[in-house]
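S.K.: There's a structure below that I have some questions on.
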Amino acid sequence: DTAVSQTPKYLVTQMGNDKSIKCEQNLGHDTMYWYKQDSKKFLKIMFSYNNKELIINETVPNRFSPKSPDKAHLNLHINSLELGDSAVYFCASSQDTGPDTQYFGPGTRLTVL
Amino acid sequence: GNSVTQMEGPVTLSEEAFLTINCTYTATGYPSLFWYVQYPGEGLQLLLKATKADDKGSNKGFEATYRKETTSFHLEKGSVQVSDSAVYFCALTRLSGGYNKLIFGAGTRLAVHP
């Protein structure tokens, strides 16, 4: 069973479109995250939710809107996609908000043309 | 601020060679330190961690010791295999608004050839 899953795995779209990426974890964790990995492999946190509440919101354009319908799901919606949004987006989860191990999904490679 | 600096890659080794990937950090307080590994086409997996000074994390033949005096957490393995080829990320946690955030280094690509 996959612990943290993401869909889709690949996403190719045109500039200006709106797209969503979905994430689900079956680990029973309380905290979920979205990370962005750029073309140089640099990984940076974007958002974190704990028990469906937003707790970390880095300096991310407001075109990015996370949504957590329940503890097991954290989706990422992106409006008006730009070329610079092209990256690999990783979802992760951890037991709580402490310095725990985070478990990562396989990533979604977004390409904006 | 809090940050992690890793040696630049790629690191290219022959099978059974000794591996060291350097990692140093800047942090206030006492962060937990981690090494994550990313195999080609996959997400990150925790390799090992250490939560306080002088702790040694180990897993799959890899080791790293939390050295507060040198603010380092270097990754070592005595004999690498081709299957160890991956990108390795050093990371620390820091408190932000009462919550812990993982701060990653830039990653070091390791290529092991037969």
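S.K.: Quickly run through the stretch B:95-109 and pick out the residues that are more than 7 Å from chain A (Cβ to nearest Cβ), surrounded by 21 or more Cβ atoms within 10 Å (Cβ to Cβ) and either over 18 Å from B:PRO40 (Cα atoms) or not polar (S, T, N, Q) (or both).
M.R.: B:ILE103, B:GLY105
S.K.: Given the condition under 24 Å from B:THR108 (Cβ atoms) and either more than 11 Å from chain B (Cβ to nearest Cβ) or modelled with pLDDT of 95 or more (or both), answer yes or no: does some residue in the stretch A:62-70 qualify?
M.R.: Within the stretch A:62-70 (the criterion being under 24 Å from B:THR108 (Cβ atoms) and either more than 11 Å from chain B (Cβ to nearest Cβ) or modelled with pLDDT of 95 or more (or both)), the answer is no, since none of the residues qualifies.
S.K.: Let me ask something else. Name every residue in the stretch B:40-54 that is surrounded by fewer than 13 Cβ atoms within 10 Å (Cβ to Cβ) and within 12 Å of chain A (Cβ to nearest Cβ), in order of residue number.
M.R.: Those that are surrounded by fewer than 13 Cβ atoms within 10 Å (Cβ to Cβ) and within 12 Å of chain A (Cβ to nearest Cβ): B:PRO40, B:GLY41, B:LYS52.
S.K.: Looking at the structure I just gave you, is B:ASN22 within 15 Å of the chain's Cα centre (by Cα), at pLDDT 95 or above and over 18 Å from A:THR101 (Cα atoms)?
M.R.: Yes: the conditions hold for B:ASN22.
S.K.: Could you name every one of the strands (runs of 3 or more DSSP E) located completely within the stretch A:35-113 that has at least 1 residues being surrounded by fewer than 18 Cβ atoms within 10 Å (Cβ to Cβ) and free of Cβ contacts under 8 Å to residues at least 24 places away in the same chain?
M.R.: Ranges flagged: A:43-50, A:53-57, A:64-70.
S.K.: Taking the stretch B:81-107 on its own, how many of its residues are in contact (Cβ under 8 Å) with a residue 40 or more places away in the chain, among the charged types (D, E, K, R) and within 17 Å of A:LEU43 (Cβ to Cβ)?
M.R.: Here the count works out to 1.
S.K.: Please give the strands (runs of 3 or more DSSP E) falling wholly within the stretch B:1-61 in which 3 or more residues are in contact with a helix residue (DSSP H, G or I) (Cβ under 9 Å, 6 or more places away or on another chain).
M.R.: Per the criteria, no element qualifies.
S.K.: What about B:GLY78, is it within 12 Å of chain A (Cβ to nearest Cβ) and either of a type in the set (Lys, Arg) or touching a residue at least 60 places away in the same chain (Cβ under 8 Å) (or both)?
M.R.: Considered against the rule, which asks whether it is within 12 Å of chain A (Cβ to nearest Cβ) and either of a type in the set (Lys, Arg) or touching a residue at least 60 places away in the same chain (Cβ under 8 Å) (or both), B:GLY78 comes out as no.
S.K.: Is it the case that the stretch B:55-70 has a residue that's more than 9 Å from chain A (Cβ to nearest Cβ), within 25 Å of A:PHE90 (Cα to Cα) and aliphatic (A, V, I, L, M)?
M.R.: No; the residues of the stretch B:55-70 include none that is more than 9 Å from chain A (Cβ to nearest Cβ), within 25 Å of A:PHE90 (Cα to Cα) and aliphatic (A, V, I, L, M).
S.K.: Is one or more of the residues making up the stretch B:58-76 among the basic types (Lys, Arg), closer than 30 Å to A:LEU110 by Cα and either modelled with pLDDT under 95 or touching a Lys or Arg at 6+ places or on another chain (Cβ under 9 Å) (or both)?
M.R.: Within the stretch B:58-76, not a single residue is among the basic types (Lys, Arg), closer than 30 Å to A:LEU110 by Cα and either modelled with pLDDT under 95 or touching a Lys or Arg at 6+ places or on another chain (Cβ under 9 Å) (or both).
The values are calculated or read from the model by the stated rules, or taken from the named source; none is laboratory data. Computed from a prediction, not measured in an experiment: that's the story for all the values here. With ideal geometry, Cβ positions are generated from the backbone for all residues, glycine too; neighbour counts draw on all protein chains shown.
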